[in-house]
Amino acid sequence: MPYPTDSEIPPTDGFFPIRHVCAETGINPVTLRAWERRYGLIRPLRTPKGHRLYSSDDIARIRRILSLLDEGVAVSQVGRVLQHDEHGSGPNGHDPLAAPPMSRRDEHSHAIAGGVAPHVLDPLSQALLEATRELSTVQLERAHARLVMRHGWEGVHEKAFLETYTALRDQARHDPAVEARLAAFASWALSSLTEQLRAALLLCEGPPSPCMVLGTGHRRIGGMLVLLASARQGLQLLPLQDIVTAPAMQALTGHLQSPAIVIHTPSRSVHDHDIERLRRLLSEDGVPAYLSGSGAADLAALDTPRQLITLPSDPLQAADTLSGQLLDPRVP
């Protein structure tokens, strides 16, 4: 269905911008966007310009989520509770994309463990993980297309890509067969994330901040997720394919009026000469540098006049922190 423009939505139609929803419920806009992107808890409409529009039902759902969090329910488990609210006994049928209900034994173990539920893959992550068994980028694309048709672009969130990648990476360390699946997934995922990033950046406003994603092969996935998850929140980052010199970066950030630069470094995949080039770049004064990836801690220890800020190791948490600090909170 075509989305109405901002001017076509009078208050009586029951659609509200994110500013109104945050004032109504007291939630932080960065948190609300994270619920949508990382957990799929909220799925607002979008205007042609990409602004989120929430219904009265969405606002009621947000209040319910806040209530569950106040009761001590982990945000990762809120979706399961909401699903139980909506369907009574939980998912029905044999839907491969639905999370299975908790068994009595699981409930008992859950109670003994003090309320800490075992990690369960997101249903979308599980669908992508199963698709990697074919070792075919075509099959992965078809599986992804089916998920998009069913859940929409916002439903197939970055969390599914991250969970699938993490599961394959961890298993590939001990199983050559899974290593092959990881290679096929990385080939497809990097292409898919690049296409999604290109579309998401068209909706971003404000001065871009240069972002260097280092590493090769599957090690680039984390950095691409930082780029895409940030763009989903309206933060415009300029992807750079190589490390530039300090004078070049100074000219670039000055021309673009960039508030910062971002560097994602998976340490195991960065060559010594690349690390040295990064150190020379960061040792010069300039706009603050936000560092993500497993190599961030080493770079953050540099003695430099430039402000160095270490982001969380999780790419989606890194994007949340980055967006929260660089975005003007008045921007929808």
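Just so it is clear, none of the values below were taken in a lab; they were calculated from the coordinates. Since we're looking at a predicted model, the values are computed, not measured. When we count neighbours, we look across all protein chains shown, and the Cβ atoms used for this are built from the backbone with ideal geometry, even at glycine.
Quick notes on this one:
- Footprinting exposure proxy for Val73, Val226 (fewest neighbouring C-beta atoms within 10 Å first): Val73, Val226
- Potential lengthening of the chain between Asp175 and Ala301 amounts to 41.8 nm, from the contour at 0.36 nm per residue minus the alpha-carbon distance.
- From phi via Karplus (6.51, -1.76, 1.60), per-residue ³J(HN,Hα) for the stretch 213-225 in Hz, x at Gly/Pro: 10, 9, x, 10, x, 5, 5, 7, 4, x, x, 5, 5
- Neighbour counts of other Cβ atoms within 10 Å put Arg19, Arg232 in the fewest-to-most order Arg19, Arg232.
- Linear extension gain, Leu202 paired with Glu24, 0.36 nm per residue minus alpha-carbon span: 61.2 nm
- Values of log10 I(q)/I(0), in the order q = 0.21 Å⁻¹, for the stretch 121-192 under a Debye, Cα-only, solvent-free model: -0.82
- Spacing of the two label points (7 Å from each Cα toward its C-beta) at Ala246 and Gln325, in nm: 2.1
- Most tightly packed first, judged by the mean number of other beta-carbon atoms within 10 Å of their residues, the peptides 306-317, 283-294 read 283-294, 306-317.
- Counting neighbouring beta carbons within 10 Å and listing from fewest to most, the residues Ile62, Ile275 come out as Ile275, Ile62.
- Take the Cβ atoms of Val138 and Ser267, set R0 to 30 Å, and the FRET efficiency comes out at 0.35.
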